[in-house]
Structures are given as structure tokens and as C-alpha cells.
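*Asks:* Supplied in C-alpha cells, the structure appears directly below.
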Amino acid sequence: HLKKVVGPLEFIRRAVGDISYQKDKKGKPGLARQGLRGPTSRYEIDATIVDQYIRYPFDNTEQLATGRPVIYLVVDTWSGMIVGTHACFHGPDWTGASQALFNAFTNKVEFCQRYGIDIKEEDWPCNHVCSQLTMDRGSEYTDKHIEGMLKGMIGVTIGSFTAYHRGDCKGTVEHAFKIIQDAMVNFVPGQVIKIPQKEAQHASREASMSFELFMHKLIKSILFTNNNRLRSENHTFEMSRDGVGFSPRDLYVYGLEEMMIPPAKVSEDKLRFALLPSGKATVHAQGIYFGGLYYNSNAVTERQWLDIAKNVGRFKLDIRYDSNSTNFIWCKDTETDEILTLELTERSELYRNQLWADALHNIELTKHKHSLHREAEFSDKINLLNDLKEIDEMNQAETRHLKKSTAKTIQPGMKDRAKLVSDIEKKNQSDAVAQTLNTEKPEVTQPGKQQDLTTPDFFNENDN
């Protein structure tokens, strides 16, 4: 009776939760490309950990594992074309995501040659910047990183985030991961089995594939998917009329030729600049101050930014930095649109060739050391002031009995007295030099005690 009143869907919703129901149980009559004009309208990006361990390359005596690589895929939503990829052992983080986007926006011929695969540009014709980028709410996709990419003015105008725990909102790239994993990681050494045998060795013990061969397989799998995956639901009447194939590459090429104005090509330096993390620096008289470090370049000196900061006032500057190195930062001249490279100055030489995380940590440690130094300095200064006060009191006690003049003019005879004292100092210095360098000490032939030239009696005798 309860099931008749409530219905089976409500029981399923209560069993799996509302988010899981919306993601896995709810019907989805629409298509991901709905509302898109054509290819490059929207890209989806995501990362996953591969179910395979890769061999450690720096030990030829033992089969060791480096770990499981993280792969990034960038997929065109309209055609299903995998337009970019990147694999690494760190992250997921913005460093890896920015490399995947850079790969998606640039030519693939040189990238494939790096791993021993020769292709023509038409085999993977994806070197265009998208208009909209969709990603999940991972820690690598921060508002600051996306804002910096949009401000880079490379062609990306919208950055959209999916709902929390809703991978189905970017189902094109999620399905691409499944295809690539099934094609690449299937009965290979080092494969991670979801339900392993209890007596079997851990998968890391069997890692035998190098990272280069892994990338070779990844690129081959992507090329096969782009050229052979069936995308019949994306086929339109015009495509059938013109005899367009059903693969993602066929749809992508046809869409660029017939349905879209291809995006303008963006130079690699502008792409690199736009995909770097952004920050705010301050122009000081000593250099461009960012993160506690100082930077400068000949271009900055020619533009007299430091002179303006010293004489007119400090001002802010939008910069880009590499989180893996403190050696350089970059900024753009708003008047000429030129990208300027700023190098770490000798004032901050201590932090050269460091990761930014290490540099910031060392800066905080240095601040702590400075506070301890100032505390010790304050204590020593108190002791110094007490010693100086005692010296002043001793001086007053020694000169209390001396006769003092009440005249207002400069005291006469100082030159003669200064010459006399300097002659005595020179004589004492000569005696010290002779005593140090002469191995045989001269004997005193005259009887009596040698006259001390520094005693008051000497002055009195000379005065007399």
C-alpha cells in the first residue's frame, strides 16, 4: 500500500540521495551541444588519475614505480573532439590544467613528435581558442585563475562552473575519460584492479611502462577516438546532405568550414601569459615588489616606472608569475600591449631558483628571525644606553675639578694641541710596528726609567 501511494521513484531518491538521483537516475532528453553554434563554442576540461602505475625512470637496477599519472582532457562539446591533453604526476592543479589548455589552443604536430608520433596537421586539426570554458569546482579552478585567463584577452569570454558533485553537467569529457581508460589500461602491467585478489601483489610492484610509452599510447588512443568514434546524434540534415562523416574530426572540420568563423590564431607568448596565475605587484623605487621579492628589467628602467614611484608615488601593476620558479614575473604594458619580462634583482638573490611555496615559507621564517633579532637588539640597546650613561658620569667626575672658561668664541690653540697629540700617536704606532717586526729586541743602554710620552708630566715639562 505504501509503494502504491508513494511510488518507486521517491524510494530511489531517498535511497541514493537527491544529488545522485539528479546525476545518475534522472532522465536527460537534451543534448550537450544544445544552444551551441558550432565547434570551439564551448570546451570542457577535467582531470582524472589513471588506473595504472608508471615505472620510475631513474633507477636501472630495480623495477620501481613513480606513481599513477594524472591526465587532463579538453573536449569540444559540440563535436566531441578531444582537442587537448596533458599528463603529469602532480595535481590536479592549475599548472597541469593550464598546460592542457595550452595544448588545446596550439598546433599538435610538434607535441606528437615529442613522443615519437608523426602526424599531419589535418590528423588533429585543433589549434583554436574556445569562446566558453566549462569546468568543475575543483581546487585548481579558482576564481583568480579563471579571471586571469579571461583578462588575458585570448578569445575566452566565459568561464562556467558546474554544480557541486555533478559530473553529468560536463558529460562529454567524462565519457571521453571512460573511452580512453578502457582503450589504454586493459590487462597491462601495473594496472589497478578495483577488486584485486587478496594474495596478489600490489599493482605498483608490477609497474613496467615508461612515461614516454604511456604518452605514446595516450596520443594514439586520442587519435583513434577522434577519427573513429561514432557521433550520430550530432549529425544534422546539412551534414547528411553534404556527405559528412560521423567521427568527431569530421564534425569538427565541417563545423569550422560551414558553421563558424574560425577564431583568430593567438601567438604562443600571449597564450602562455594568459594561462599563468595572476597577481598584484607594487612599483617601488627599488624595483617591482611582488610576494616580498623585488624584480626589474631594462624595459622598466626605460619607462621610468621606478622614478615615478620614487618622486610621484607608488602604484599597482598587474603581473603574471610561474608558481614553479621565483626567477621571473611578467607584466603587460597597457599602452603598447607588449609583454615585459622582469627578473629577480640582487636585492632578493637569496630566493632565486625556488618554488614560490618554498620562497614564501622562507620569507615567513625570515620575518620570525627578524623579530628575534629586533628583540635581542632592543635588549642590547638597553645595556648600551646604561654603559654610555656610566661613561658620561665617569667623564663628568674626571673633569669636575678642571678650570672652565666662560668665553663664547672658539677656543684658541687647538691646532697646536692636535698636532702634538697626533705626533705622539704616530710615535706610538711606529714603536708598535718596530716591536712587531724586529726579531731582536733593542736593549736600553741609558740608566733610569724611560719617559712615558703620554703622561701628564710630559706635557707639563714641555709647557715649562
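*Asks:* If Ile329 passes every condition in (1) assigned to a helix (DSSP H, G or I); (2) within 15 Å of the chain's Cα centre (by Cα); (3) of a type in the set (A, V, I, L, M, F, W, C) but one, which one does it miss?
*Replies:* With respect to (1) assigned to a helix (DSSP H, G or I); (2) within 15 Å of the chain's Cα centre (by Cα); (3) of a type in the set (A, V, I, L, M, F, W, C), Ile329 is out only on (1).
*Asks:* Still on this structure: Show me the helices (runs of 4 or more DSSP H) entirely contained within region 60-179 in which 3 or more residues are over 27 Å from Ser210 (Cα atoms).
*Replies:* 143-151
*Asks:* Considering Glu199, Glu238, Glu212, which residue is acidic (Asp, Glu), over 30 Å from Ser323 (Cβ atoms), open to solvent by 60 Å² or more (accessible area, probe 1.4 Å) and assigned to a helix (DSSP H, G or I)?
*Replies:* Glu238
*Asks:* Note down all Cβ pairs under 7 Å where the first residue falls in region 341-360 and is under 19 Å from Arg320 (Cβ atoms) and touching a residue at least 40 places away in the same chain (Cβ under 8 Å), the second is among the charged types (D, E, K, R) and open to solvent by less than 90 Å² (accessible area, probe 1.4 Å), and they're at least six residues apart or on different chains.
*Replies:* Listed by first residue and then by second, the contacts come to Leu344/Arg352.
*Asks:* Still on this structure: Considering only region 221-235, state which residues are open to solvent by 60 Å² or more (accessible area, probe 1.4 Å) and more than 13 Å from Ile179 (Cβ to Cβ).
*Replies:* Ser232, Glu233
*Asks:* Which numbered condition in (1) in contact with a helix residue (DSSP H, G or I) (Cβ under 6 Å, 6 or more places away or on another chain); (2) surrounded by 16 or more Cβ atoms within 10 Å (Cβ to Cβ); (3) at pLDDT below 95 is the only one that Gly292 fails?
*Replies:* All conditions are met except number (2).
*Asks:* In addition: Looking at region 382-433, which of its residues are of a type in the set (Val, Ile, Thr) and open to solvent by 100 Å² or more (accessible area, probe 1.4 Å)?
*Replies:* Within region 382-433, Thr406, Thr409, Ile410 meet the criteria.
*Asks:* Now for a separate question. Test each condition in (1) in contact with a Lys or Arg (Cβ under 8 Å, 6 or more places away or on another chain); (2) closer than 25 Å to Cys88 by Cβ; (3) at pLDDT below 85 for Asn186 and report the one that comes out false.
*Replies:* Only one criterion is unmet by Asn186, namely (1).
*Asks:* Ser98 versus (1) out of contact with any His (no Cβ under 9 Å at 6 or more places or on another chain); (2) of a type outside the set (Phe, Trp, Tyr); (3) more than 21 Å from Thr225 (Cα to Cα): which is the lone unmet condition?
*Replies:* Every listed condition holds for Ser98 apart from (1).
*Asks:* Return the residue satisfying two criteria in turn: it lies in region 334-354 and is part of a loop (DSSP other than H, G, I, E, B) and either modelled with pLDDT under 90 or open to solvent by 80 Å² or more (accessible area, probe 1.4 Å) (or both), and of such residues it is farthest from Phe273 (Cα to Cα).
*Replies:* My answer is Asn353.
The values are calculated or read from the model by the stated rules, or taken from the named source; none is laboratory data. None of these values were measured; they are calculated from a predicted model. Backbone-built Cβ (ideal geometry, glycine too); neighbour counts: all protein chains shown. All accessible areas refer to the heavy atoms of the entire protein, side chains included, with ligands and DNA or RNA removed. Shrake-Rupley method; radii C 1.70, N 1.55, O 1.52, S 1.80 Å.
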